[in-house]
Amino acid sequence: MPRVVHPIEQESFRRLRTRLDTSHFPPLTRAVVERVIHSAADLEYADDLVVDERALERGHLALHAGAPVVVDVEMVAAGITRRDTVCRLKDARSGPGLTRSAHAIRLAYEEVGPGALWVIGCAPTALEELLTLDADPALVIGLPVGFVGAAESKAALRASGLPAVSNVSEKGGSAVAAAALNALLYQPVSVSVPVSVSVPEEKS
């Protein structure tokens, strides 16, 4: 069933595009950048996000083929629409040299195995733990937030060579991580332009 775009969302994207030209981005990149900006009302994400179209294509196909989606916290899960997710934080325990968030990632990997999409929007230690596993992810959306470890964990993600969405700065969070995944969910496999393009552009 096609997604119905609410008029308020249409107007929000119209206003976004009056302040930022996103037409030069490839289709999936544009969809992710616009939806992340929309979720945070923060135009700086256009320059802060690090996105690779080929990585998005791989993740997009896996997502629509039914690959598992793992999240680090329930707040990310709550923001993802139209898809069940795996979150093992409630079952996790901290220990020496291991945060609860990191343990949750271990538990999730034991459950889903390789080929999943990982959406991390809260804990840098969750992202750090994922990088120690042989997870062979379809895509990692690594957008944890914080003054301690967030920027560093995202830099490590980029250095790993894994297919990923990240950003350079310390900002991030559950809402923007969920938004990046939703951008791929809302983009049908058979369509080569982002769903948000259906939002009317401003007429000159």
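The values are calculated or read from the model by the stated rules, or taken from the named source; none is laboratory data. Keep in mind it's a predicted model, so treat the numbers as computed, not measured. Glycine also receives a Cβ, built like all others from the backbone with ideal geometry; neighbour counts cover every protein chain displayed. Note: accessible area is taken over every heavy atom of the protein model, side chains too, but ligands, DNA and RNA are not part of it. Shrake-Rupley method; radii C 1.70, N 1.55, O 1.52, S 1.80 Å.
For the chain, modelled as a GNM whose springs connect Cα atoms under 10 angstrom apart, the maximal fluctuation among His24, His64, His38 occurs at His24.
Nonpolar atom fraction for segment 122-192, defined as the carbon and sulfur part of the 1.4 Å probe accessible area, stands at 61 percent.
Quick one: if the Förster radius is 22 Å, what FRET efficiency do His6 and Glu53 give, using the C-beta to C-beta distance and rounding to 0.05? So the FRET efficiency works out to roughly 0.20. Among the protein heavy atoms of segment 21-97, carbon and sulfur supply 50% of the accessible surface, probe 1.4 Å, non-protein parts ignored. Measuring r between the beta carbons of Val168 and Leu133 and using R0 = 25 Å, the FRET efficiency lands at 0.55. DSSP bridge analysis restricted to the chain gives an antiparallel fraction near 30%, rounded to the nearest 5. Each residue of segment 49-57 was assigned a 3J(HN,Hα) from its phi angle through the Karplus expression (A = 6.51, B = -1.76, C = 1.60, θ = phi - 60°), giving 5, 10, 9, 10, 4, 5, 5, 5, 4 Hz with x at Gly and Pro. Helix-only arithmetic for the chain: the sum of -39500 (n - 2.57) across DSSP H runs with n ≥ 4, divided by the residue total, places the mean residue ellipticity at 222 nm at -13500 deg cm²/dmol. Among Gly149, Gly121, Gly172, the largest mean-square fluctuation in a Gaussian network model of the chain (Cα springs under 10 Å) belongs to Gly149. Centre-to-centre, using Cα atoms only, segment 70-124 and segment 1-53 are separated by 26 Å.
Rounded to the nearest 20, the size of the Cβ-charge dipole of segment 50-204 about its Cα centre is 180 debye, with Lys and Arg at +1 and Asp and Glu at -1.
A 1.4 Å probe run over the protein chains yields, for the chain, 48 Å² of accessible area per residue, whole-number rounding. Here the label points at Arg93 and Asp42, each 7 Å from Cα along the C-beta direction, are separated by 3.5 nm in the simple model.
Please check: in the Gaussian network model of the chain (C-alpha springs, under 10 Å), which one of Gly66, Gly115, Gly146 has the largest mean-square fluctuation. Judging by the Gaussian network model, the answer is Gly66. Amide H contacts of Ala138 (H built 1.01 Å from N, in plane; Pro and chain starts excluded): Gly115, Ala116, Leu117 sit under 5 Å, all sequence-distant by 5 or more or on other chains. Of the peptides 159-171, 92-104, 4-16, 130-142, the order by per-residue mean of other Cβ atoms within 10 Å, starting with the highest, comes out as 130-142, 159-171, 92-104, 4-16.
When restricted to Cα atoms, segment 2-60 yields an Rg and a Dmax of 11.9, 31 Å, respectively. Hey, could you get me the Stokes-Einstein D for the chain, Kirkwood radius over alpha-carbon pairs, 20 °C and 1.002 mPa s, rounded to whole µm² s⁻¹? So the translational diffusion coefficient is about 127 µm²/s.
For segment 99-114, putting each phi into the Karplus relation 6.51 cos²θ - 1.76 cosθ + 1.60 with θ = phi - 60° gives couplings of 7, 4, 5, 5, 4, 4, 5, 4, 5, 5, 5, 4, 7, 9, x, x Hz, in residue order, rounded to whole numbers and with x for Gly and Pro.
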